[in-house]
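Working notes, beginning with the structure itself.
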Amino acid sequence: MLDRAGCNPLGAFLPGARTTLPPRRPGPLSGLEFAVKDIFDTAGDVTGCGNPDWLASHAPAQTHAWAVAALLDAGAAMVGKTVTDELAYSLNGQNFHYGTPANVNAPGRIPGGSSCGSAAAVAGGLCDLALGSDTGGSVRIPGSYCGIYGLRPTHGRVSLDGVMPLAPSFDTVGWFARDPETLHRAGEVLLGADEQHEPFSRLLIGRDAFAIAEPEVQAVLAPEVLRLQARLGAGQTLDLGTPGGGLQQWMLRFRSIQAREIWAVHGAWIAGRNPSFGPEIAERFAWVQTVEDAEAEAAAAARAGFRQRLRDLLRPGSLLVLPSAPGIAPLCSASAESLRDHRSRVLSLTCIAGLSGLPQVTLPLARVAGCPAGLSLVGPAGSDVALLAFAESFAAGPRRQ
């Protein structure tokens with residue numbers, strides 16, 4: 001672990017005095033330290049949500065967010081609040097006001113967002129685990145880019161009390177760890193027990209999801225898919241985006257629904273405050289206002305069918321494999337245009353679990369050009385703890401050469 005006494009070597013933590021909290025009592029997470037994305041409330045602090053105008057216009061929180069309290073009650077200590085993209089609305093991790101946290105496993109490349117500081121802190125050894133949120137990929141993408149484990153749980157499985165909403169029908173509490181054992185330990189605290197679960201015995205391979213990934217990513221993930229097949233059988237290869245026009249069309253539907261929800265949540269504050277956003281975020285909030293209600297309503301109606309189809313495919317005992325991201329982390333110097341194109345391909349992958357509400361874990365099992373590339377496993381709704389246990393077992397298994 002690196003020294004935490006007033007330093008911020010990776011730009012992972014918020015500037016200024018560090019918020020720290022001791023464990024409330026001994027518990028299953030005793031001895032572990034965690035960081036918290038700055039959209040989670042901690043009592044007595046203003047939750048800044050990555051934007052100075054938000055920080056200046058909101059009152060201190062009265063209580064801890066549920067997830068923060070749960071970790072403290074389980075014996076873990078909080079060591080700081082971490083940088084987030086403004087209002088958690090980006091997948092890049094480049095905050096205009098507070099900087100870009102360093103990606104220690106891919107130097108010179110973005111950490112991914114919006115849970116950028118949390119991922120950077122875990123990857124850099126500043127804490128054992130960290131809370132993030134995942135609406136459109138904000139745990140899965142930083143996990144893949146930074147070479148760490150991350151979980152987006154079943155939608156609604158973990159309480160969002162005390163967490164800034166973005167798009168409520170997609171918002172989830174997620175978390176990161178450097179090893180699957182710690183990710184699993186935290187999950188047993190935050191998730192409770194699965195209501196029921198059948199052992200994983202049926203593999204689904206998302207053909208169209210792998211087609212979105214760059215050839216180099218496909219190549220390095222192929223041995224991991226073979227390992228899964230050796231364990232679960234050859235399984236079924238299928239296109240997840242049909243019917244419905246393909247994953248790119250589902251991504252566009254996701255974006256429409258998300259945009260209308262975001263404006264419903266934050267539009268009044270933005271209109272009344274006229275906050276100063278960085279260029280990327282300002283462009284995005286300008287765009288959400290152009291999405292017509294009819295477009296979003298049609299997308300929401302289509303989502304119901306997609307959700308049911310995916311949940312039918314992922315019946316108990318089934319496991320879906322896909323790339324966590326289409327490529328390695330882009331360079332920090334990448335152009336805005338190239339990042340927009342990359343974002344579309346990212347969302348074409350992440351919208352699968354987003355639209356279906358299913359749990360997804362990213363595992364840092366491969367590298368391309370020395371940079372991490374994650375493999376994702378998606379389980380049936382409510383199988384979160386079993387999914388974490390499988391990920392832990394699979395990551396520890398023998399690797400193919």
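Rule-based calculations on the coordinates, nothing more; no lab input. What you are looking at is a predicted structure, and each value in this text was computed from that prediction instead of being measured. We place every Cβ from the backbone using ideal geometry, glycine too, and count neighbours over all the protein chains shown.
Structure above, values below:
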{"read-out": "Considering only region 202-396, percent of DSSP beta bridges that pair antiparallel, nearest 5", "value": "60 percent"}
{"read-out": "Estimated vicinal HN-Hα couplings, Hz - region 231-237 in sequence order (Karplus 6.51, -1.76, 1.60; Gly, Pro = x)", "value": "8, 10, x, 4, x, 10, 9"}
{"read-out": "Average Cα contact separation per residue, region 147-268, under 8 Å, 6 or more apart, as relative contact order %", "value": "27 percent"}
{"read-out": "Euclidean distance between Cα centres, region 55-96 to region 156-232, Å", "value": "22 Å"}
{"read-out": "Estimated [θ] at 222 nm from DSSP helical runs (n ≥ 4, -39500 (n - 2.57)) normalised by residues in the chain, nearest 500", "value": "-12500 deg cm²/dmol"}
{"read-out": "Whole-Hz ³J(HN,Hα) from phi, Karplus 6.51 cos²θ - 1.76 cosθ + 1.60, for region 378-388, glycine and proline x", "value": "10, x, x, 4, x, 9, 4, 5, 4, 5, 5"}
{"read-out": "From the coordinates shown, log10 I(q)/I(0) by the Debye sum over Cα atoms at q = 0.08, 0.10 Å⁻¹ corresponds to which of (i) -0.68, -0.87; (ii) -0.36, -0.58; (iii) -0.44, -0.65", "value": "(ii)"}
{"read-out": "Segment Q196-A396, length gained on full extension (0.36 nm per residue, minus Cα span)", "value": "69.5 nm"}
{"read-out": "Karplus (6.51, -1.76, 1.60) ³J(HN,Hα), θ = phi - 60°, over region 17-29, in Hz, Gly and Pro reported as x", "value": "4, 7, 7, 10, 9, x, x, 7, 6, x, x, x, 10"}
{"read-out": "Between region 344-401 and region 260-329, the alpha-carbon center distance in angstrom", "value": "20 Å"}
{"read-out": "Simple Cβ-charge dipole of the chain, Lys/Arg +1 and Asp/Glu -1, about Cα centre, in debye nearest 20", "value": "680 debye"}
{"read-out": "The chain - share of DSSP beta bridges that are antiparallel (%, nearest 5)", "value": "65 percent"}
